[in-house]
Amino acid sequence: MEMTPALPRMHEREVGTHPDFLPAGRRTAAQVISRPSLTYWEDAWLRLKRNRQALASLGIVSALLLLTLVGPLFWRVDPAAQELNRISESPSFGVRARVIEEPGTYEELTRSDWPESPAAPERALEIPRAIGLLDEPSILAVRLRWEPVEGAAGYVIYRSDRAPEGAGSYGVPVGEVLGGNRLSYEDRFNLSPGEYYYTIVAKNGMEADRGITRKVVLEPGISLADAQLLRADARVGEILSLPSHPLGTDYLGRDLLARLMAGARISLFIGILAPLLWTFTGVLLGGFAGYAGGRVDGVLMRVTDLVMALPFLLFMILFKVVLGGGPGESGIVPMLLSMVVLSWTGPARLARGQVLQLRESEFIQASRLLGASPAWLLFRHLLPNTLGVILVSLTFSIPSAIFTEAFLSFIGMGVVPPTPSWGSMCNDGIQRFLTYPHEFLFPAVFISVTVLAFNLLGDGLRDALDPKMRSVS
Amino acid sequence: MASYILKRVLWGLLTVYFIATATFVAMHSVPGDPIMGAKAMSPEIRANLERRYGLDQPLGVQYGIFLANMARGDFGISYTQQNRSVNDIIREHFPVSALLGILAVVVATAGGILFGSITALYRNKRPDRLIMLGVILGISVPGFVFAALGQFGLTELNALSGREVLPVGGWGTFSHMVLPALVLGLGTMAFFTRLMRSSLLEIVSQDFVRTARAKGLSPVRIFFSHQLRNAILPVITILGPAIATITTGGFVVESVFAIPGLGRYFVQAVQQLDYTVIMGLTVFYGAFLVFMVIAVDIVYGLVDPRISLGKET
């Protein structure tokens, strides 16, 4: 239908003869509705589309869902598989490593002509004159040797990943040999490719102030046995590309990306299903209370008062202890149940209020007068009119559910290991946060971005769906 | 007024009774029993232990004893720590948590009012946008992330400046409290800021503000004695729930910063399944939170003359 909006009359000389500026015909009826009529949902969608923040959040939420559902199809790494020689590795792509032989049996270097435990000398112990390597160092083992020090009854081996700047900055003591005639040490502790500075300090009761330092550079390597797990025909000396870990690995050598995707399933499953369940329960009970009125309403509302007075997280913890999760269970169902039992009251009050308000409104009375059945009233009028408000409350309860899951898992009361969830991954990561920040940061960022997206989406939905609650801005 | 307070207190007592009963029922339906985890023991020792903790009585009697003890304020003896009563634990560790909580509430309220006022005064200008971005972050980032980041930042700061600007963990002096209180109050502060902003914006267009302006009052005077005072009221209403949030948030912050507070103790007790401590602390925390909310509501009634207590509900 073509429609011309009525324009005020203007001087033709000023506006020329452009058709837009011709006087409107008198016949255009003033009553004709000039825009197509929109349903409530079409209107809401239009409003939401205009809200850039909300649209972006909708995109993020969809991306997250896609990541959980489709991600594992593309990133086919087992979240439980461990690579024990690549623990807490930073994000890496296309790491290539030389296949190396398992080093031969370690034979300690001793000097029979040197005293094992001499008496403590008068003067301070000297610095070993030289430090060397027994054989080629690799990430499997570093074997050090050094010249003996007169009067020493043992040596302490320090390791650091930074060049020492004098005494006291030698790093951590990785080992100690007892006996002045024992002159070598094998370090196999948690080696990874990179530079190491080893320092040998002589000792007899007291440690000497200073030691001798040597820099050791380790190339990326993989033992033959591990390489053969990757490719059966791997041979020593050949360069192999290792599986990449775009987000690094965790403290057990598991791929962080795969675990984040598996964790997303748990966190989003709980974060979305729990609010759905409790909103559904609440709306059902609250709607019923509002519709029935009288004593039923009174009793139900007293019950909600009581449940609302319970400290939420305290009882979440308590219920978790009770419903608990025996061995082999993930602890997801107890968490869902406790959340529903403690959280249905909010939506119940909301639905009750809405129903009470709508019940007395004119259009319901009109419908009733026209002979509508209770079912018709409920499904045609009451429910659609409350749906918007309830949808908004649902969107806002998703972040709170995700928060709750993260909080509980973080204090060790949530999902049971080895089931990953973002909260439990944060809990694992925080203990090593200062040394390996990526283990904590990635799950933390995922939680924050998800909660942020749902919060903004909730704001947008509220502005779009609920004309009474539009935010002031 | 008096009858309103009485009614609220009675209702609060009923709630606490409900909490106690729910806790009792919950803890007694946990599979296994509290002394199961201990070392292998002869039946005589077991019987002795059961007698000591009253576990040989029928459940109904245990419930009665439990309620009577609770009413007297006796929360029982810990199962995992020899000869330590729950009351001792509360007496020793609650002051720490309370101090931390009060500081966090102060931080949250002061910061919320300050930042909320700034956003409202600079509505839709750069300070407003910037602060509101912070608010969105503050609401969306879990408390333990702030705790970890705060600790990390402090470690770096201490390393950079070559001395201890603030301690990274532990408890004792005021300098130990600064970062934990800040971290604990941050989420609530963001929430308060948002609330304060919308409440101030609502008040700007009210008649009494226009009247004040028409009278020729200075903008400063209008802001402080007309707008601010009225805008603070909604913040006071949600102070009760905010205290609950901060209290439970303390569980995490106390664990991260190694603060010997009651929250860390509670988490530990839950992990060790120390039944009496869990029951005692749940009831204690429950009662504390219920009466905090009541107290805040009463104060709200006193502060806002438009609300006459007793007529509502």
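The values are calculated or read from the model by the stated rules, or taken from the named source; none is laboratory data. Everything numeric in this text was worked out from a predicted model, so none of it was measured. Every residue, glycine among them, receives a Cβ derived from its backbone with ideal geometry; neighbour counts consider all protein chains shown. Only protein heavy atoms, including side chains, enter the accessible area calculation; ligands, DNA and RNA are left aside. Shrake-Rupley method; radii C 1.70, N 1.55, O 1.52, S 1.80 Å.
A few notes on this one:
- Close pairs from the stretch B:8-37: first more than 20 Å from residue B:68 (Cβ to Cβ) and part of a helix (DSSP H, G or I), partner modelled with pLDDT of 85 or more and open to solvent by 50 Å² or more (accessible area, probe 1.4 Å), Cβ under 7 Å, at least 6 apart: none
- Restricting the stretch A:230-272 to residues that are surrounded by fewer than 16 Cβ atoms within 10 Å (Cβ to Cβ) and part of a helix (DSSP H, G or I), the residue that is modelled with the lowest pLDDT is A:230.
- Residue in the stretch B:166-174 that is assigned to a helix (DSSP H, G or I), assigned by TED's automatic domain parsing to the domain that holds residue B:97 and of a type outside the set (Lys, Arg) present: yes
- When the test is whether a residue is surrounded by 15 or more Cβ atoms within 10 Å (Cβ to Cβ), more than 14 Å from every other protein chain (Cβ to nearest Cβ) and assigned to a helix (DSSP H, G or I), residue B:136 does not pass it.
- Taken as a whole, the condition of being assigned to a helix (DSSP H, G or I), touching a Phe, Trp or Tyr at 6+ places or on another chain (Cβ under 8 Å), open to solvent by less than 30 Å² (accessible area, probe 1.4 Å) and at negative phi does not apply to residue A:286.
- The one condition from (1) touching a residue at least 60 places away in the same chain (Cβ under 8 Å); (2) under 25 Å from residue A:435 (Cβ atoms); (3) not assigned by TED's automatic domain parsing to the domain that holds residue A:398 that residue A:237 does not meet is (2).
- Residue check for residue B:217: within 12 Å of chain A (Cβ to nearest Cβ), in contact with a helix residue (DSSP H, G or I) (Cβ under 9 Å, 6 or more places away or on another chain) and among the aliphatic types (A, V, I, L, M): no
- For residue A:48: the one exception among (1) at pLDDT below 75; (2) open to solvent by less than 80 Å² (accessible area, probe 1.4 Å): (1)
- Within the stretch A:178-200, if we keep just the residues that are part of a strand (DSSP E or B) and in contact (Cβ under 8 Å) with a residue 60 or more places away in the chain, the residue that is nearest to residue A:145 (Cα to Cα) turns out to be A:184.
- Residue satisfying all of: in the stretch B:45-103; polar (S, T, N, Q) and in a helix (DSSP H, G or I); farthest from residue B:246 (Cα to Cα) among these: B:48
- The single condition among (1) closer than 30 Å to residue A:79 by Cα; (2) away from chain B (no Cβ under 14 Å); (3) surrounded by 20 or more Cβ atoms within 10 Å (Cβ to Cβ) that residue A:331 does not meet is (2).
- Leading residue by the ranking (nearest to the other protein chains (Cβ to nearest Cβ)) among those in the stretch A:417-445 that are open to solvent by 40 Å² or more (accessible area, probe 1.4 Å) and among the β-branched types (Val, Ile, Thr): A:445
- Close pairs from the stretch B:289-306: first closer than 12 Å to residue B:238 by Cα, partner in a loop (DSSP other than H, G, I, E, B), Cβ under 9 Å, at least 6 apart: B:296/B:238; B:297/B:309; B:300/B:307; B:300/B:309
- Every residue from the stretch B:254-289 that is under 26 Å from residue B:179 (Cα atoms) and away from every other protein chain (no Cβ under 11 Å): B:257, B:258, B:259, B:260, B:261, B:262, B:265
- Considering the stretch B:140-197, and only residues there that are within 13 Å of chain A (Cβ to nearest Cβ) and among the polar types (S, T, N, Q), the residue that is nearest to residue B:109 (Cα to Cα) turns out to be B:140.
- The set of residues from the stretch B:252-298 being of a type in the set (Lys, Arg) and more than 14 Å from the chain's Cα centre (by Cα) is empty.
- Criterion: in contact (Cβ under 8 Å) with a residue 24 or more places away in the chain and open to solvent by 20 Å² or more (accessible area, probe 1.4 Å) - qualifying residue of B:232, B:246: B:232
- Of the residues A:96, A:123, A:111, A:76, the single one that is open to solvent by 70 Å² or more (accessible area, probe 1.4 Å), farther than 27 Å from residue A:449 by Cβ and modelled with pLDDT under 75 is A:96.
- Qualifying residue in the stretch B:140-155 (condition: farther than 30 Å from residue A:456 by Cβ and either open to solvent by less than 40 Å² (accessible area, probe 1.4 Å) or in contact (Cβ under 8 Å) with a residue 12 or more places away in the chain (or both)): yes
- Between A:346, A:353, the distinction of being surrounded by fewer than 17 Cβ atoms within 10 Å (Cβ to Cβ) and either at pLDDT 80 or above or not in a loop (DSSP other than H, G, I, E, B) (or both) belongs to A:353 only.
- Within the set B:249, B:261, the sole residue that is farther than 20 Å from residue B:303 by Cβ and at pLDDT below 85 turns out to be B:249.
- Residue A:457 vs. criteria buried (at least 16 other Cβ atoms within 10 Å of the Cβ), assigned to a helix (DSSP H, G or I) and within 11 Å of chain B (Cβ to nearest Cβ): no
- Restricted to helices (runs of 4 or more DSSP H) entirely inside the stretch B:224-272, those with at least 2 residues that are closer than 18 Å to residue A:410 by Cα and not hydroxyl-bearing (Ser, Thr, Tyr) are B:239-256, B:262-272.
- From the options A:369, A:465, A:441, A:457, residue that is within 30 Å of residue B:204 (Cβ to Cβ) and modelled with pLDDT of 85 or more: A:457
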